[in-house]
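Okay, structure first, notes after.
The values are calculated or read from the model by the stated rules, or taken from the named source; none is laboratory data. What you see is a predicted model, and the numbers here were worked out from it, not measured in a lab. Cβ: placed from backbone, ideal geometry, glycine included. Neighbour counts: every protein chain shown. Just so you know, the surface numbers come from the protein's heavy atoms only, side chains and all, with ligands and any DNA or RNA stripped out. Shrake-Rupley method; radii C 1.70, N 1.55, O 1.52, S 1.80 Å.
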Amino acid sequence: MSPGPSFRLWAPVVIYMAAIFFVSADPDPGIPTGTDKPLHWLAYLGLAVVVVRAVAGGLPVRLDARSAAIAMLITVGYGAFDEVHQMFVPGRSAEMNDLLADAAGAISGAVVCWAWGIISPAPRDER
């Protein structure tokens, strides 16, 4: 028996979130202080792409405002959860600027998916 479509869509989201959690649990990730914002942006851009994929039912797709908003809430919500998680990790702290970088990455990821749906010759929702 093969996994259903929901599993195939949401498993990458869970794995990606677990990877972020794992990295955030490291008391000394070896990243120079103050240089982590581009990494937050990139990580949450990637998370937004897999979340959009799960919410929209696959990619490429013509992304509607509702799906984009749901994906953004999930992605930024996870960023907030992760910042709170870091408050309990020795040597780490929660920073609003990290959450802002996460949100900027999430917006960028949603925009990438939206653009991909527009420029794709045959988005999934038109097949």
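Working from label points 7 Å from Cα in the Cα-to-Cβ sense, the Val23 to Leu42 distance is 0.8 nm. Pairs of Cα atoms nearer than 8 Å and 6+ residues apart set the relative contact order; for the chain it is 36 percent. Using only alpha carbon pairs under 8 Å that are at least six residues apart, calculate the relative contact order of the stretch 56-127 and give it in whole percent. Worked out over the stretch 56-127, it gives 52 percent. Label-to-label distance, Asn97 versus Leu73, with points set 7 angstrom from Cα along the beta-carbon direction: 3.1 nm.
With R₀ fixed at 35 Å, the C-beta to C-beta distance from Ala80 to Ile119 puts the FRET efficiency at about 0.65. Remark: the stretch 34-122 carries 49 Å² of accessible area per residue (probe radius 1.4 Å; ligands, DNA and RNA excluded). For Ala94, nonlocal amide neighbours, meaning residues 5 or more places apart or on other chains whose placed amide H falls under 5 Å from its own, are Met87.
Of the options (i) 40, 30, 24; (ii) 58, 40, 31; (iii) 50, 35, 22, only one is Cα extents along the principal axes in Å as computed from these coordinates, and that is (iii).
Its DSSP H runs of at least 4 residues, each contributing -39,500 (n - 2.57), put the calculated 222 nm mean residue ellipticity of the chain at -23500 deg cm²/dmol, to the nearest 500.
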